[in-house]
Amino acid sequence: MYEGIVQDLIDELGRLPGVGPKSAQRIAFHLLEADPADVRRLAETLVKLKDLVRFCTICGNVAEEDTCRICRDPRRDASLICVVEESKDVVAIERTKEFRGRYHVLGGAISPMNGVGPEQLRIRELMTRLADGTVAEVILATNPNLEGEATATYLTRFLGTMGLRVSRLASGLPVGGDLEYADEVTLGRAFEGRRVVHG
């Protein structure tokens, strides 16, 4: 235990996701030794983040205006919506340069253990977006874990009644992976999603 503000900083840093007690202590001491201008710039950036960043009124992605740059882009295909759990998933998909449609950020995944049900997610907003008939296909890009699967299954049931094409991102073995280390679900998915390479 350290005195006063140092311990307060370590405690606050330790509340961040993925930052354990040792990492929090390392970051705190790094900040103590850093140039005061660098620390001030970090503090100002954090304050600006809370003041300026909001969530897009259309898709729920992070934005500095009412709508994000993707929703404002007229070149994006409005007939395709890719449903993701978090804004960081949008960034991951955008890096591939394979998807030219629009997104819908749910704000999480169904997780009864954590008290997150469908009503806590942005599912109602998704249904509103689909009501005008512009969208022809919804791509479910939730994480390939229990919560992501539960969310995708729930959405599939909902969307199946709307006459839309509903697809799910393929999942399977990572490049460079070994079969012996793959779990049963991943290996099963790899078999389901296999493609013909000849004849």
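A few points about this structure:
- Candidate set: region 86-132, residues that are in contact with a Gly (Cβ under 9 Å, 6 or more places away or on another chain) and part of a loop (DSSP other than H, G, I, E, B); chosen: the one farthest from ARG54 (Cα to Cα): ILE110
- Selected residue [more than 26 Å from PRO174 (Cα to Cα) and in contact with a His (Cβ under 9 Å, 6 or more places away or on another chain)] from ARG124, ARG129, ARG75, ARG54: ARG129
Each row is one residue, and each column tells you yes or no for (1) under 18 Å from the mean Cα position of the chain (by Cα); (2) in contact (Cβ under 8 Å) with a residue 24 or more places away in the chain.
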{"residue": "THR128", "(1), (2)": "no, no"}
{"residue": "GLU137", "(1), (2)": "no, yes"}
{"residue": "THR142", "(1), (2)": "yes, yes"}
{"residue": "GLY148", "(1), (2)": "yes, yes"}
{"residue": "MET162", "(1), (2)": "no, yes"}
{"residue": "SER167", "(1), (2)": "yes, yes"}
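- Of all residues in region 51-85, those satisfying the criterion of being assigned to a helix (DSSP H, G or I) and either farther than 22 Å from LEU106 by Cβ or touching a Pro at 6+ places or on another chain (Cβ under 8 Å) (or both) are ASP51, LEU52.
- Of all the criteria given as (1) under 15 Å from the mean Cα position of the chain (by Cα); (2) modelled with pLDDT under 95; (3) more than 24 Å from ASN145 (Cα to Cα), the one not satisfied by ARG95 is (3).
- Of residues in region 11-37 being of a type in the set (D, E, K, R) and loosely packed, with under 11 Cβ neighbours inside 10 Å, the one farthest from MET1 (Cα to Cα): ASP35
- Exclusive hit being assigned by TED's automatic domain parsing to the domain that holds PRO144, of a type in the set (Gly, Ala, Ser), surrounded by fewer than 16 Cβ atoms within 10 Å (Cβ to Cβ) and at pLDDT 95 or above, set SER79, SER87: SER79
- Subset of region 135-163 [loosely packed, with under 12 Cβ neighbours inside 10 Å and either assigned to a helix (DSSP H, G or I) or hydroxyl-bearing (Ser, Thr, Tyr) (or both)]: ARG157, GLY160, THR161
- ARG194 vs. criteria over 19 Å from the mean Cα position of the chain (by Cα), loosely packed, with under 14 Cβ neighbours inside 10 Å and not in a strand (DSSP E or B): yes
- Scan of region 127-165 for residues that are aliphatic (A, V, I, L, M) and closer than 22 Å to SER87 by Cβ, ordered by number: MET127, LEU130, VAL135, VAL138, ILE139, LEU140, ALA141, LEU146, ALA150, ALA152, LEU155, LEU159
The values are calculated or read from the model by the stated rules, or taken from the named source; none is laboratory data. All values reported here derive from a predicted model rather than from experimental measurement. Neighbour counts are summed over all protein chains in view; Cβ atoms, including those assigned to glycine, are modelled from backbone coordinates with ideal geometry.
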